[in-house]
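The values are calculated or read from the model by the stated rules, or taken from the named source; none is laboratory data. What you see is a predicted model, and the numbers here were worked out from it, not measured in a lab. Counting neighbours? That spans all protein chains shown, and the Cβs are built from the backbone with ideal geometry, glycine included.
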Amino acid sequence: MAELTETRESPTRAYVIHPDLGNSRTRRSPDLALEEAIALAHALPAIEVVGAEVAKLRKPDAGMLFSKGKREEIGQRLKDAAGGEGAELVLVDGPVTPVQQRNLEKEWGVKLLDRTGLILEIFADRAQTREGVLQVELAALAYQRTRLVRAWTHLERQRGGFGFVGGPGETQIEADRRAIDEQMIRLRRQLERVVRTRELHRKARAKVPYPIVALVGYTNAGKSTLFNRLTGADVMAKDQLFATLDPTMRQLTLPGGRRVILSDTVGFISDLPHELVAAFRATLEEVLAADLILHVRDISHPETEEQAGDVGEILDSLGVEDDVPLIEVWNKIDALSADDAAAARRRGSRPGPRGPIAISAITGEGLDQLKAAIEQRLSAHEVQLKVTVAAGDGQGLAWAYSHASVRGRTDKPDGRVELKLSVPVDKEAVFRDRFPAGGKQRSAKPKTARPKHRKLAD
């Protein structure tokens, strides 16, 4: 009898290429862009990066992307990679047309993925919730639909009818495209049902006067680490791009006793595929419904300003209103030099609602200041109510304590309880319905415009 042996799949040998078009409009340094592309490759399991380079392009070739000389140079490096074993996969950090992809795969004899395809692969591997899985599958189908030409190079034509009598039928590509369209329709219907469920949950939360605080930021900025640190949750937090894909929400109690809902969202990235922006819109709607946004920045990254600009552009594309309050959170100050860390702390210690908060989610530095800033910004959009709870209404009393910040209490001889409450402006009607005898003591402060991201330089 043959002895059973365990077999493990060896990692796929990948070669990463960042095409440098020398375009002045691009904000990124080619070397740093290559580092990000390598980090994206490492985000996929069973991938071994065996080589990487920046390929300068004067003018992209319509059919091959790279010039003949550059293709030959890269082809030789692909063969020599991994000690002569050769690369099996080429990851191009940029857009590649279906024709270019087919031609390069044929010439180099390897599989090729562009930036969009790579991000889709990562998302497909990481999505956990039903909504996330459906959104990824929908985005992948939209991407594949444009690339059927590389799967059917023969373009064999089917015949309609019998023998030589019938006319020409549809091509295989057309049949596959129709099948994809039908599958996309089914996925959209399923996603609509999931989104309706999420909307019902959102409406249910709206009846409970808990403000929503959303964490946004560039991928790997430390949002999930901060989320875990503040709430005690166990959301996956790794030094890895797109470690978090599915939205997670937890309750957070602030120093003054106020309860808020903290929401962790998917990280943003430059040149995010349009398919994914559209597909993940429902997931990112938690940001649209937020009462306060925390923009978490990796302040130690060399291109932190460029990353902040990318986040701002995506927030604008999502339709986030400028009047939604925003706090900039400068994370990872523990990774800065002593001088830069001191400068960041000085900026964060300045009085005023618009200054950034310098923190370290790893060490916990600055978190108390951040919680205080959250409470301050939320208090700017509150009204003060005085309500009277009837004698014996223990349920109403518990409800008031659970859903508002109690600033004062007076117990009457007849058993009634007078409470002074701080209530968000948009939740005032809920309290007036629950305690119709309540009276407003002061008006809410006007909203302030959402500040733009600030530079580290003082």
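Some points to look at:
- Single residue of region 365-416 satisfying the filter (assigned to a strand (DSSP E or B) and polar (S, T, N, Q)) that is nearest to the chain's Cα centre (by Cα): SER405
- Residues that are small (Gly, Ala, Ser) and closer than 17 Å to VAL96 by Cα, drawn from region 42-74: ALA55, ALA62, GLY63, SER67
- For region 380-410, the set of residues classified as out of contact with any Phe, Trp or Tyr (no Cβ under 8 Å at 6 or more places or on another chain) and touching a residue at least 60 places away in the same chain (Cβ under 8 Å) consists of ALA380, HIS381, GLU382, VAL383, SER402, SER405, VAL406, listed by residue number.
- Near pairs, Cβ below 6 angstrom, 6+ apart or cross-chain, from region 126-141 (under 17 Å from GLN183 (Cβ atoms) and free of Cβ contacts under 8 Å to residues at least 40 places away in the same chain) to any residue that is of a type outside the set (Asp, Glu) and in a loop (DSSP other than H, G, I, E, B): VAL133/ALA127
- Wholly enclosed helices (runs of 4 or more DSSP H) of region 47-143 bearing at least 2 residues more than 31 Å from the chain's Cα centre (by Cα) and either of a type in the set (A, V, I, L, M, F, W, C) or not assigned by TED's automatic domain parsing to the domain that holds ASP271 (or both): 68-80, 98-108
- GLY217 being modelled with pLDDT of 85 or more and either within 28 Å of HIS18 (Cβ to Cβ) or outside the structural domain of TRP399 (by TED's automatic domain parsing) (or both): yes
- Restricting ARG186, ARG126, ARG177 to residues that are modelled with pLDDT under 85 and farther than 28 Å from ALA33 by Cβ narrows the list to ARG177.
- Identity of the residue in region 347-364, outside any loop (DSSP other than H, G, I, E, B), crowded, with 17+ Cβ neighbours inside 10 Å and of a type in the set (Gly, Ala, Ser), that ends up modelled with the highest pLDDT: ALA358
- Candidates ALA289, ALA233, ALA278 - the one that is surrounded by fewer than 18 Cβ atoms within 10 Å (Cβ to Cβ), modelled with pLDDT under 90 and more than 17 Å from the chain's Cα centre (by Cα): ALA233
- Number of positions in region 56-81 that are surrounded by 15 or more Cβ atoms within 10 Å (Cβ to Cβ), closer than 16 Å to VAL16 by Cβ and in contact with an Asp or Glu (Cβ under 8 Å, 6 or more places away or on another chain): 4
- The test for being at pLDDT 90 or above and either of a type in the set (D, E, K, R) or under 28 Å from ARG145 (Cβ atoms) (or both) holds for ARG13.
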